[in-house]
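Reading through the structure tokens given below for one structure.
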Amino acid sequence: MSELVLDVRDLVVRRDDLVAVRGVNLQVRAGQRVGVVGESGAGKSLTALAVMGLLQPGWRTEGQVLHDGVDLTKISDKAFSGRRGRTLSMVFQDPLSALNPTQRVGAQITGVLRRHTKVSREQARKAALDLLVQMRLPRPEQMLRAYPHELSGGQRQRIMIAIALACYPQLIIADEPTTALDVTVQKQVLRLLDGAVKERGSALLMITHDLPVIAAMCDHVLVMYGGRVVEEGPVGTVFRTPRHPYTKGLLESQPTLDNVELDGTNRLPSIPGSVPPLHAMPSGCAFRTRCGRADEQCATVPTLEGDGSRAACWHPEPVASTAGAR
């Protein structure tokens with residue numbers, strides 16, 4: 001098996017008495033694509049930010065985040081800063097807030113290259129130009145001189161990807177990278193990200209609520225709910241035969257030609273209720289208040305179990321079960 005580039009062990013993210021991530025374990029190997037999926041409030045983005053050491057003040061982590069044999073939760077801010085953009089990089093959900101509004105695009109790309117490599121100013125500029133060409137941005141020479149607010153949402157997101165790719169990192173974390181884009185631009189951006197990651201041999205950790213994105217981009221998936229991983233396994237296995245009722249509900253709520261009439265007269269299946277707020281998260285299995293299979297046993301936290309794929313459920317779906325769509 002290929003080497004681990006990220007090994008997260010028993011990760012907890014909390015602020016005072018609020019616990020948002022509850023003992024998450026995940027591994028990403030060299031060249032692997034791992035997706036993390038779930039509704040808003042599941043703890044996906046906080047997990048990614050904890051890995052990158054970018055949590056807001058007041059939030060703290062417990063557990064281990066191992067990268068290159070180093071526990072990132074134990075190193076200094078200066079040491080961590082030396083890794084961000086070099087061996088670990090991130091594509092953020094909102095590029096307009098992630099990019100520096102006072103710096104031209106070229107300066108932001110060359111800044112990463114100059115910080116982490118020994119290239120000259122001219123070499124950095126040429127590499128930045130090559131990245132813009134690879135991102136299929138129009139008029140790349142002019143784009144280098146533009147400010148983020150002068151670009152469209154799709155163009156800004158491509159700039160974010162270019163910055164993340166600049167130093168050929170071992171791992172790229174993409175946190176909802178296409179949420180704010182229209183469908184056509186989403187496909188273009190994802191195709192560019194997919195090709196660039198393949199070309200560099202980087203591993204990818206994709207954070208999203210969009211199941212089709214996971215199906216298209218990833219080979220392994222973790223389903224999160226209430227700050228815990230409730231199911232994980234190969235994408236094909238989990239999406240064809242989901243074991244956790246929450247995973248099954250997510251898949252059945254996806255529109256397909258099988259479950260949506262063209263005249264729009266029927267409604268998609270949906271999961272009842274909503275994700276509870278952190279201060280009211282149920283004990284035991286957090287999904288039990290929305291689950292039709294729940295009983296008294298579900299007041300105790302289940303462990304991830306199973307062959308092929310693993311589910312944290314006392315009453316998992318039968319192996320022969322099929323999802324409504326992929």
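The values are calculated or read from the model by the stated rules, or taken from the named source; none is laboratory data. Just so you know, these numbers come straight off a predicted model, no measurement behind them. Note that we place each Cβ from the backbone using ideal geometry, even for glycine, and neighbour counts take in every protein chain shown.
Answer with yes or no whether Arg33 is within 22 Å of the chain's Cα centre (by Cα) and under 26 Å from Ile214 (Cα atoms). Taking the combined requirement at face value, the residue satisfies it. For region 103-125, which residues satisfy the criterion of being in contact with a Cys (Cβ under 9 Å, 6 or more places away or on another chain) and surrounded by 21 or more Cβ atoms within 10 Å (Cβ to Cβ)? Answer for region 103-125, where residues must be in contact with a Cys (Cβ under 9 Å, 6 or more places away or on another chain) and surrounded by 21 or more Cβ atoms within 10 Å (Cβ to Cβ): Val112, Leu113.
Whenever a residue of region 52-70 is in the same structural domain as Ile172 (by TED's automatic domain parsing), its partners that are in a helix (DSSP H, G or I) and of a type in the set (Asp, Glu), lying with C-beta atoms within less than 8 angstrom and at least six residues away or across chains, give the pairs Gly53/Asp77. When Val319, Val301, Val260 are checked against the criterion of being part of a loop (DSSP other than H, G, I, E, B), modelled with pLDDT of 85 or more and among the hydrophobic types (A, V, I, L, M, F, W, C), Val301 stands alone in meeting it. Look at Thr208 and say whether it is surrounded by fewer than 21 Cβ atoms within 10 Å (Cβ to Cβ), of a type in the set (Val, Ile, Thr) and touching a residue at least 40 places away in the same chain (Cβ under 8 Å). No. When each of Arg9, Arg15 is tested for being farther than 28 Å from Ile214 by Cα and either crowded, with 19+ Cβ neighbours inside 10 Å or not aromatic (Phe, Trp, Tyr) (or both), the lone residue that passes is Arg15. Residue pairs whose Cβ atoms lie under 8 Å apart, separated by 6 or more positions or on different chains, with the first residue in region 288-313 and in contact (Cβ under 8 Å) with a residue 60 or more places away in the chain and the second part of a helix (DSSP H, G or I), are Gly308/Thr237; Ser309/Thr237; Ser309/Val238; Ala311/Thr247; Cys313/Pro245. For region 180-202, a tally of residues being loosely packed, with under 14 Cβ neighbours inside 10 Å and of a type in the set (Ser, Thr, Tyr) returns 1.
Before we move on, is Val223 within 20 Å of the chain's Cα centre (by Cα), of a type in the set (Val, Ile, Thr) and at pLDDT 95 or above? Judged against the criteria, Val223 is a match.
Okay, residues lined up against (1) farther than 30 Å from Gln27 by Cβ; (2) in contact (Cβ under 8 Å) with a residue 40 or more places away in the chain:
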position: Val105; (1), (2): yes, yes
position: Arg114; (1), (2): yes, no
position: Arg145; (1), (2): yes, yes
position: Lys187; (1), (2): no, no
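Scanning region 7-51 for residues that are within 20 Å of Ala216 (Cβ to Cβ), modelled with pLDDT of 95 or more and among the small types (Gly, Ala, Ser) yields Gly35, Ala48. Give region 98-147 a look and list any residue that's among the polar types (S, T, N, Q) and either within 15 Å of Gly85 (Cα to Cα) or out of contact with any Leu (no Cβ under 9 Å at 6 or more places or on another chain) (or both), or say none. Asn100, Thr102, Gln103, Gln108, Thr110, Thr117, Ser120, Gln142 - these are the residues of region 98-147 that are among the polar types (S, T, N, Q) and either within 15 Å of Gly85 (Cα to Cα) or out of contact with any Leu (no Cβ under 9 Å at 6 or more places or on another chain) (or both).
Among the candidates Asp77, Asp94, Asp17, Asp10, the residue that is farther than 30 Å from Phe287 by Cα and acidic (Asp, Glu) is uniquely Asp77.
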